[in-house]
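For reference, the structure discussed in these notes is given below.
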């Protein structure tokens, strides 16, 4: 579109505004401001209703739900963290683009590209035509975006966590590599280690993630600490390692503590094969 065409369009716009419409400023801006204040007031009102009708005890619900839930248990093995529903699409993208090969695409690449395209859209599409039948490309693009977001949101909402099951599948390989395949108690401890969230911070035979300074436990058994030390450390890490960021795991049974300790003491590195 040439500069003269743009000037002509702007001139017609001003004439239309003078004849039958209102200018964006201040009329439309005033309406937007009033509506924004209404929305904020509704949100504040709902927050007040939620706060003043609920009790201070966990689970004491008011009109809009409880103020507090039960305290978080860092040693739980059953809690599955989930994002809010409007992040389900991104949540599922991260299941498609897995670390470390392509996680950058799911976390930064695709969202950034789509956001830039959204900002650029008013500058790229400057056609005055508004009838959908005359704009097949725009209509198809919009439908694809809506369908993609809908499908990804649905898949993210219904996706089941598979990390624990993936780790458990590695247990036979660990047992073979470490040489405790015939020790049922050590194998049971390895399975508990795999499904209890330990690998969110610890690395074992190359699996897991190294976080908050947690050590690699592949050769934990070579340190000669003994099963009792391992059990006491699991129950109360601060008692054996003051300043440790590891949470206390207090919900296991005695047999589970014993199995975990046996597994850790049997972990002497791959050279034990």
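What follows draws every value from the coordinates through simple rules; no lab data is involved. All values reported here derive from a predicted model rather than from experimental measurement. Cβ coordinates were reconstructed from backbone atoms using ideal geometry, including for glycine residues, and neighbour counts include every protein chain displayed.
Can you tell me which of 188, 142, 181, 175 is more than 30 Å from residue 256 (Cα to Cα), more than 23 Å from the chain's Cα centre (by Cα) and surrounded by 11 or more Cβ atoms within 10 Å (Cβ to Cβ)?
Details: 188 fails: more than 30 Å from residue 256 (Cα to Cα); 181 fails: more than 30 Å from residue 256 (Cα to Cα); 175 fails: more than 30 Å from residue 256 (Cα to Cα).
The conditions single out 142.
Conditions (1) out of contact with any strand residue (DSSP E or B) (no Cβ under 6 Å at 6 or more places or on another chain); (2) part of a helix (DSSP H, G or I); (3) surrounded by 10 or more Cβ atoms within 10 Å (Cβ to Cβ), marked per residue:
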{"residue": "5", "(1), (2), (3)": "yes, yes, no"}
{"residue": "8", "(1), (2), (3)": "yes, yes, yes"}
{"residue": "13", "(1), (2), (3)": "yes, yes, yes"}
{"residue": "31", "(1), (2), (3)": "yes, yes, yes"}
{"residue": "35", "(1), (2), (3)": "yes, yes, yes"}
{"residue": "50", "(1), (2), (3)": "yes, yes, yes"}
{"residue": "58", "(1), (2), (3)": "yes, no, yes"}
{"residue": "71", "(1), (2), (3)": "yes, no, no"}
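Count, please, the residues in region 234-273 that happen to be within 32 Å of the chain's Cα centre (by Cα) and not in a helix (DSSP H, G or I).
Selection size over region 234-273: 15.
In region 193-208, what residues are part of a helix (DSSP H, G or I) and surrounded by fewer than 20 Cβ atoms within 10 Å (Cβ to Cβ)? Please lay out each step first, then the result.
Applying the first criterion (part of a helix (DSSP H, G or I)) to region 193-208 yields 193-195, 198-200.
Within region 193-208, 195, 200 qualify.
Going by what's in this entry, would residue 23 be described as within 20 Å of residue 128 (Cα to Cα) and surrounded by 11 or more Cβ atoms within 10 Å (Cβ to Cβ)? If you could, list the steps in order and put the result at the bottom.
On the way: within 20 Å of residue 128 (Cα to Cα): yes; surrounded by 11 or more Cβ atoms within 10 Å (Cβ to Cβ): yes.
Yes, satisfied.
Looking at region 220-233 only, could you name the residues that are touching a helix residue (DSSP H, G or I) at 6+ places or on another chain (Cβ under 8 Å) and part of a helix (DSSP H, G or I)?
If we filter region 220-233 for residues that are touching a helix residue (DSSP H, G or I) at 6+ places or on another chain (Cβ under 8 Å), which is where we start, we get 220-221, 225-233.
Selection gives 220, 221, 227, 228, 229, 230, 231, 232, 233.
List, please: which pairs have Cβ atoms under 6 Å, are six or more places apart or on different chains, and start with a residue in region 135-150 that is touching a residue at least 12 places away in the same chain (Cβ under 8 Å) and end with one that is surrounded by 10 or more Cβ atoms within 10 Å (Cβ to Cβ) and part of a helix (DSSP H, G or I)?
149/89
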